[in-house]
Amino acid sequence: MNISPKNPGLEMAILAKKSEMIETGLTYGLTDQKTINCSQQLDKLLNMYQVHRDFDLTG
């Protein structure tokens, strides 16, 4: 992931959620609902990041 200074709060949230998901997966397993929830939350953060990045590239 290319880290830029334009949205450090979102980037920090992504890194924190990624770490949380890894720890949850190691603790409860990859198919546990807690891990799946973390994964879905991370997906939302990554989608937000991509929208911001795409907007910066086009606008």
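Of all residues in region 1-31, those being outside any helix (DSSP H, G or I) and modelled with pLDDT of 95 or more number 3.
Listed by first and then second residue, the pairs linking a residue in region 9-38 that is closer than 20 Å to residue 49 by Cβ to a residue that is assigned to a helix (DSSP H, G or I) and among the β-branched types (Val, Ile, Thr), with Cβ atoms under 6 Å apart and 6 or more places separating them unless they lie on different chains, are 38/24.
The values are calculated or read from the model by the stated rules, or taken from the named source; none is laboratory data. For clarity, every value in this text was computed on a predicted model and none was experimentally measured. All Cβ positions, even for glycine, are placed from backbone atoms using ideal geometry, and neighbour counts span all protein chains on display.
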